[in-house]
1. Within segment 74-95, is there a residue that is of a type outside the set (Phe, Trp, Tyr) and modelled with pLDDT under 90?
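The values are calculated or read from the model by the stated rules, or taken from the named source; none is laboratory data. The structure displayed is predicted, hence computed values, not measured ones.
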Amino acid sequence: MSVLSKAFIAGFVAVVSTTTVSAQEMRTTSFRFDKSISTEENYSNFERTARRDCSNISDLATYGAKKECRRDLMNKAIAATKHLPMIAYHDQMTGKNRQSAAVIQP
């Protein structure tokens, strides 16, 4: 389990939980969103965290299971930030199109 004890410095933490290999194995991963760095740098840090956490799942897990773990963690962590530039960047990186990525106020 990854825990960043200083995660509140210069930002906020998006904590997500995901099940991996078995229904009995619940993993909690902490992601650090730092407002003082770019969206791209934050995204790269999120990817590194997801890759590191998902590499620790059972040695019996296939590459596909680890890839799905990373994708699931990234989707949940990015959504938890509620930061529109980060969400838009994630959509761009994954090929998703969101029709309501921005809200226009009258």
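1. Step one: list which residues in segment 74-95 are of a type outside the set (Phe, Trp, Tyr), which gives 74-88, 90-95.
Restricting the remaining residues to those that are modelled with pLDDT under 90 gives 95.
Yes, segment 74-95 has at least one match.
To keep it simple, each residue is scored yes or no on (1) part of a loop (DSSP other than H, G, I, E, B); (2) modelled with pLDDT under 95.
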{"position": "42", "(1), (2)": "no, no"}
{"position": "51", "(1), (2)": "no, yes"}
{"position": "54", "(1), (2)": "no, yes"}
{"position": "103", "(1), (2)": "yes, yes"}
